[in-house]
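Before any comments, here is the structure.
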Amino acid sequence: MNDRHPVGRVWWCIAGVVVYACMNALSGMKYLPGCSFAELRPQVCLPMFMGLYFGPVAGFFVGAGGDSLGYVLAGENPLPLWNWALANGLMGLIPGLAGLLRVRVVATLRSMQTAYLLILMAVSLPFAFAATMEVLCDHMPPGAAFYDLFLPIFITDALFGIILIPLLMLICRLLTLSIPIAIFLMSTYLTSIAVLGTYSTSIFALRGRNALLLVAPKELYTLGILALLMIVAGFTVASYFVNRLTAPIVRLTEVSGRIAAGDYGSMDQLSGLATRGDELGRLASAFQIMGGKVDEREHLLKVQVMELNLEINQAKQRKEVARITSTDYFRELKSRVKSLRTAHET
């Protein structure tokens, strides 16, 4: 997917609408436990990713258009479900705001955090709005709207977004896999696997093989939101420690680039890092010593080159003078000058 031409973008969006609609129609055949509307939808990554790749308008078009067409393919009238189509559109639009925040291409840990924040906003705010419309327009009890609609959708969509969208971004080169981002993503995936594994194992250990049928939906999704909050807390903590661990490495990389360009004064920026007592501090200290010696040798080399150039120029001058004084013309001029001087003295 590397076509950014407007015509190519339209075709990609149309294809996204069709794929999203077909997958919605298929996933809608089986709902989540205790739900009559919410289902597992890994395809929610499609409108969010289209928003990240092509912009908010494309994300909204794929989300809203694909959701409405999905209802048609499933034999339902999409008009009474306008609030859910709008929510799906907003779900694609919100990640597209990454371009306005200048983080469309994720290359730093901060931009990765921003992308995750947009994903969480995209799967929470629009569906909170849609569930609220069910309460206001269809007089659905608030508790039922929260536990039967919003919570299952938010939990499952958030998990799919957190896990799948970075992979899609990496495939389409919207994600630069630097050391901080690689460590952060590894921590996020390990945390997700650990929390979801513990969550699933606990439910099935307590309720047996038919756990999904025996556990009350309210209990199931309350535990689910706690698991999701633990994942979010996990990658929040991971962000802090990854930044603390990799910031010195990033600084060393930046300073080494400046030194490679001849800016040896930038080594002063390593002074604080060199005072650390760990391996990074020793590395920064060794880097300062090495850089200082290279600077000293380079300065000495420049002085030697200047002296050598001076000697070469002096040798060239002596050689040129010798060549001029050895010519017959110079001897003749010298003889005439001597004659004129003798005549003047007499």
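Rule-based calculations on the coordinates, nothing more; no lab input. Keep in mind the model is a prediction, meaning the values are calculated, not measured. Every residue, glycine among them, receives a Cβ derived from its backbone with ideal geometry; neighbour counts consider all protein chains shown.
Each of Trp84, Ala107, Leu117 was scored by the projection of its Cα onto the charge dipole of the chain, and the greatest displacement toward the positive side belongs to Ala107; charges sit on the C-beta of Lys, Arg, Asp and Glu. Computed extension length for Ser285-Asp328: 8.8 nm, one decimal, from 0.36 nm per residue of separation with the Cα-Cα distance subtracted. Largest GNM mean-square fluctuation among Met290, Met50, Met91, using the chain with Cα springs under 10 Å: Met290.
Let's test the formula: R0 of 22 Å, r as the Cβ-Cβ distance of Leu177 and Leu245. What FRET efficiency results, to the nearest 0.05? Mind showing how you got there, number by number?
Working: r = 16 Å, r/R0 = 0.75.
Efficiency, rounded to the nearest 0.05: 0.85.
For the chain, the longest principal axis of the Cα atoms and the long axis of helix 279-325 meet at an angle of about 30 degrees. At what distance in nm do the modelled label points of Leu226 and Ala107 sit from each other, each positioned 7 Å from its Cα along Cα→Cβ? It is 4.3 nm. Exposed loop positions in the chain were taken to be trypsin sites (Lys or Arg not before Pro) whose DSSP state is not H, G, I, E or B and which have at most 16 other beta-carbon atoms within 10 angstrom. Between these positions, the longest stretch is 31-101. Highest mean packing comes first when the peptides 71-78, 191-198, 165-172, 51-58 are listed by Cβ atoms within 10 Å, giving 51-58, 165-172, 191-198, 71-78.
Of the peptides 121-132, 149-160, how do they stack up when ordered by the mean number of other Cβ atoms within 10 Å, highest first? Please report the intermediate quantities before stating the final value.
Details: 121-132: 20.8, 149-160: 22.9.
The peptides rank, most packed first, as 149-160, 121-132.
If R0 is 25 Å, what FRET efficiency do you get for Glu76 and Val18 from their C-beta distance, rounded to 0.05? Display every interim value, and only then the final one.
Numbers: r = 17 Å, r/R0 = 0.69.
For R0 = 25 Å, the calculated efficiency reads 0.90.
Report, in whole Å, the centroid distance computed from the Cα atoms of segment 281-317 and segment 159-197. A separation of 47 Å, based on Cα centres.
Taking the charge dipole of the chain about its Cα centre, with +1 at Lys and Arg Cβ atoms and -1 at Asp and Glu Cβ atoms, the residue from Gly161, Pro126, Tyr189 reaching farthest to the positive side is Tyr189. Compared with the direct C-alpha span, the chain from Leu117 to Lys293 gains 58.8 nm at full extension, assuming 0.36 nm per residue. Centre-to-centre separation between the Cα atoms of segment 52-72 and those of segment 101-156: 16 Å.
Dipole check for the chain: with +1 at the C-beta of Lys and Arg, -1 at the C-beta of Asp and Glu, and the Cα centre as origin, the magnitude is about 1580 Debye.
Using a/c under 1.5 as the rounded threshold, could you call the chain rounded, prolate or oblate? The axes a ≥ b ≥ c are square roots of the C-alpha gyration tensor eigenvalues, and prolate needs a/b larger than b/c, oblate otherwise. Mind showing how you got there, number by number?
Details: a/c = 5.36, a/b = 2.69, b/c = 2.00.
The shape class here is prolate.
A full extension of the chain between Met29 and Thr342 corresponds to an added length of 100.2 nm, given 0.36 nm per residue minus the alpha carbon distance.
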